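Chemist: If you scroll down you'll find the structure; I have some questions about it.
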Amino acid sequence: MRNVKRRDLLRAALALPLGACQTTAREPAFAACRALLDRYVAERRVAGMVLGVVRGRSMPVFLSAGALALDGAPPVDADSIHRIYSMTKPITGLATLLCVADGLLALDQPLAEIAPEFREMRVLVDAGRLETAPAANVITIRHLLTHTAGFTYHINGDGPLQRLYRENGLFAQGRAYWPSPGDGSLPASLDEFAARLARLPLAAEPGRRWEYSVAFDVLGLVIERASGMPFEIYLKRRIFEPLEMSDTDFYVPRDKIDRLTSNYLVTENGLQSLEDRAASPFSMREGVNYGGSGLLSTASDYARFCDLLLGEGVVNGRRIAPREAAHRVGLNLLPPAVQTEGTLLRGAEFGAGVWIMTPASARGGEEPPGSYSWAGASGTTMWVDPSSNCAVVLMTQYVPATAYPLYSEARQSFYSDFRSLSLAPAEGPSSAHRRGEP
């Protein structure tokens, strides 16, 4: 790994992708999905892969192939632990909307009311020379939820502002950190992260342009201050514990380390070990818990989260979250007249940390308009399809996520099976009301 630059890895790995459950041993004839998993493992593109399907009130189905690592490790299954990186964002999005539903926040509330550090922001007027002017608009909670706050990521190119992010240690990628020369020290807390970020100029005027960014890491701080409890505790109390997502956390305790997968770098010579499961930095409790990329989870746990979204807050007949909060995750929350042309959205809409398919962004064989999805840096992906009353989660571990066309192939395989099996939508909430505000 000494010859691999961390920022180049993460720039490719975190690029935006195209788009209570119980594990069951029963596996319907998902022939195309099964063939996809088996092929990726047989060709040693991945060490292992797990796919979970949730359909209304039906029992979830999990398919798996391969192992936790390439070194003869045990097989993967629905309870294997994966680094989900940016699939943390939809969870943080729901947590934010729970705060809104509880009256702790408002969607269009200025960020500075919660985090005064961001009261006097400046925006770039000449990116090359780092010339700035006072921002005309204030950053709001809606802006943070939709990547329109004006922030950027250190992986979004190699311009002067991205270099400032790196020099200030603003990486926000969880406990896995691959240093490069000139990188600044990492913040010790979300408060310190926010203080450093607030001193830097914005890449764009708030509410004017969509740009993938550290906004969800700022939301972790917002949730802390609005709720009066540490970010990770809020997630546990409001989401993980009610959903029995017992293996989802920012680190892996020692008694679960034997279920952690290894992570791999895709090279011309095959898979190269990037992070061995036996010596993972995610086994350390110490570190900042970032809302944009910090979590680890399992297919079983994340399927529960998808089930919550699909059921608009209801799982197994029990209300876990207010409908308003769960429903809003998959609604278009973009500010009016925001610039998306020439950005990674490419005609899609954006909810609370999820890409929403539109007729302009939908592609043949992929999920239909109205469905929403997100993915992670190490090959994980999820999508929720209200029109078919189903949701899918895929777990695997390789970097960069763009090395294979897996996101597209997984969707094509699933919908091929869906059509061939004539799977009518299972009983669940009507999809008609999902297209508008509750």
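The values are calculated or read from the model by the stated rules, or taken from the named source; none is laboratory data. Because the structure is a prediction, the values reported are computed rather than measured. With ideal geometry, Cβ positions are generated from the backbone for all residues, glycine too; neighbour counts draw on all protein chains shown.
Chemist: For region 146-161, does any single residue satisfy the condition of being surrounded by fewer than 16 Cβ atoms within 10 Å (Cβ to Cβ), closer than 18 Å to Arg199 by Cβ and over 23 Å from the mean Cα position of the chain (by Cα)?
Modeler: yes
Chemist: I've got another one for you. Of (1) modelled with pLDDT under 95; (2) surrounded by fewer than 17 Cβ atoms within 10 Å (Cβ to Cβ); (3) among the acidic types (Asp, Glu), Glu367 satisfies all except one. Which?
Modeler: Condition (2) is where Glu367 drops out.
Chemist: Look through Leu334, Leu394 and report the one residue that is in contact with a Ser or Thr (Cβ under 6 Å, 6 or more places away or on another chain), assigned to a loop (DSSP other than H, G, I, E, B) and at pLDDT 95 or above.
Modeler: Only one candidate qualifies: Leu334.
Chemist: Among the residues of region 73-81, is any of a type outside the set (Asp, Glu), in a helix (DSSP H, G or I) and touching a Phe, Trp or Tyr at 6+ places or on another chain (Cβ under 7 Å)?
Modeler: No.
Chemist: Here's another thing I want to ask about it. For region 209-255: of the residues being aromatic (Phe, Trp, Tyr) and part of a helix (DSSP H, G or I), which is nearest to Val123 (Cα to Cα)?
Modeler: Result: Phe216.
For every residue, the table says whether it meets (1) among the small types (Gly, Ala, Ser); (2) surrounded by fewer than 20 Cβ atoms within 10 Å (Cβ to Cβ); (3) in a loop (DSSP other than H, G, I, E, B).
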residue: Ile257; (1), (2), (3): no, yes, no
residue: Arg285; (1), (2), (3): no, yes, yes
residue: Ala326; (1), (2), (3): yes, no, no
residue: Leu344; (1), (2), (3): no, yes, yes
residue: Gly353; (1), (2), (3): yes, no, yes
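Chemist: As an exercise: evaluate Tyr165 against (1) under 23 Å from Ala377 (Cβ atoms); (2) touching a Ser or Thr at 6+ places or on another chain (Cβ under 6 Å) and give the number of the one condition it does not meet.
Modeler: (2)
Chemist: I'm told Met59 meets every condition in (1) at pLDDT 95 or above; (2) more than 30 Å from Phe171 (Cβ to Cβ); (3) surrounded by fewer than 17 Cβ atoms within 10 Å (Cβ to Cβ) except one. Can you identify the failing condition by its number?
Modeler: That leaves (1) as the condition not met.
Chemist: Follow-up. Please state which of the following conditions Leu107 fails to meet, knowing it meets all the rest: (1) more than 29 Å from Arg238 (Cα to Cα); (2) hydrophobic (A, V, I, L, M, F, W, C); (3) at pLDDT 95 or above; (4) surrounded by fewer than 17 Cβ atoms within 10 Å (Cβ to Cβ).
Modeler: That leaves (1) as the condition not met.
Chemist: Next up: How about region 75-93: which of its residues are within 17 Å of Asp217 (Cα to Cα) and surrounded by fewer than 23 Cβ atoms within 10 Å (Cβ to Cβ)?
Modeler: Residues satisfying the conditions do not exist here.
Chemist: Let me ask something else. Any residue at all in region 112-119 that is of a type in the set (Phe, Trp, Tyr), in contact with a helix residue (DSSP H, G or I) (Cβ under 6 Å, 6 or more places away or on another chain), part of a loop (DSSP other than H, G, I, E, B) and on the phi < 0 side of the Ramachandran plot?
Modeler: Within region 112-119 (the criterion being of a type in the set (Phe, Trp, Tyr), in contact with a helix residue (DSSP H, G or I) (Cβ under 6 Å, 6 or more places away or on another chain), part of a loop (DSSP other than H, G, I, E, B) and on the phi < 0 side of the Ramachandran plot), the answer is no, since none of the residues qualifies.
Chemist: Given Asn269, Asn263, Asn289, which one is surrounded by fewer than 19 Cβ atoms within 10 Å (Cβ to Cβ), of a type in the set (S, T, N, Q) and on the phi < 0 side of the Ramachandran plot?
Modeler: From the options Asn269, Asn263, Asn289, the qualifying one is Asn269.
Chemist: Also: Look through Glu211, Glu224 and report the one residue that is crowded, with 19+ Cβ neighbours inside 10 Å and touching a His at 6+ places or on another chain (Cβ under 7 Å).
Modeler: Glu211
Chemist: Kindly establish whether Gly150 is out of contact with any strand residue (DSSP E or B) (no Cβ under 7 Å at 6 or more places or on another chain) and either more than 21 Å from Trp374 (Cα to Cα) or modelled with pLDDT of 95 or more (or both).
Modeler: no
Chemist: Next question. Do any residues in region 116-127 that are under 17 Å from Thr152 (Cβ atoms) have Cβ atoms under 9 Å from those of residues that are among the hydroxyl-bearing types (Ser, Thr, Tyr) and surrounded by 13 or more Cβ atoms within 10 Å (Cβ to Cβ), where the two are at least six apart or on different chains, and which pairs are they?
Modeler: Arg122/Thr132; Val123/Thr132; Leu124/Thr132; Val125/Thr132; Asp126/Thr132
Chemist: Also, quick follow-up: Residue check: is Glu341 modelled with pLDDT of 95 or more, acidic (Asp, Glu) and farther than 30 Å from Arg44 by Cα?
Modeler: no
Chemist: Somewhere in region 122-135, is a residue under 25 Å from the mean Cα position of the chain (by Cα), of a type in the set (S, T, N, Q) and on the phi < 0 side of the Ramachandran plot?
Modeler: no
Chemist: Oh, and also: In region 287-302, which residues are in a loop (DSSP other than H, G, I, E, B) and in contact with a Gly (Cβ under 7 Å, 6 or more places away or on another chain)?
Modeler: Asn289, Tyr290, Gly291, Ser293, Gly294, listed by residue number.
Chemist: Can you find even one residue in region 400-410 that is buried (at least 22 other Cβ atoms within 10 Å of the Cβ) and in a loop (DSSP other than H, G, I, E, B)?
Modeler: Within region 400-410, not a single residue is buried (at least 22 other Cβ atoms within 10 Å of the Cβ) and in a loop (DSSP other than H, G, I, E, B).
Chemist: Considering every residue within region 184-205, establish whether at least one is surrounded by fewer than 18 Cβ atoms within 10 Å (Cβ to Cβ), among the polar types (S, T, N, Q) and part of a loop (DSSP other than H, G, I, E, B).
Modeler: Yes, some residue in region 184-205 is surrounded by fewer than 18 Cβ atoms within 10 Å (Cβ to Cβ), among the polar types (S, T, N, Q) and part of a loop (DSSP other than H, G, I, E, B).
Chemist: Right, here's the next one. Can you name the number of the only condition in (1) crowded, with 24+ Cβ neighbours inside 10 Å; (2) at pLDDT 95 or above; (3) closer than 30 Å to Glu341 by Cα that Gly294 fails?
Modeler: It is condition (2) that Gly294 fails.
Chemist: Please determine whether any residue of region 316-324 is buried (at least 24 other Cβ atoms within 10 Å of the Cβ) and either at pLDDT 90 or above or not in a loop (DSSP other than H, G, I, E, B) (or both).
Modeler: yes
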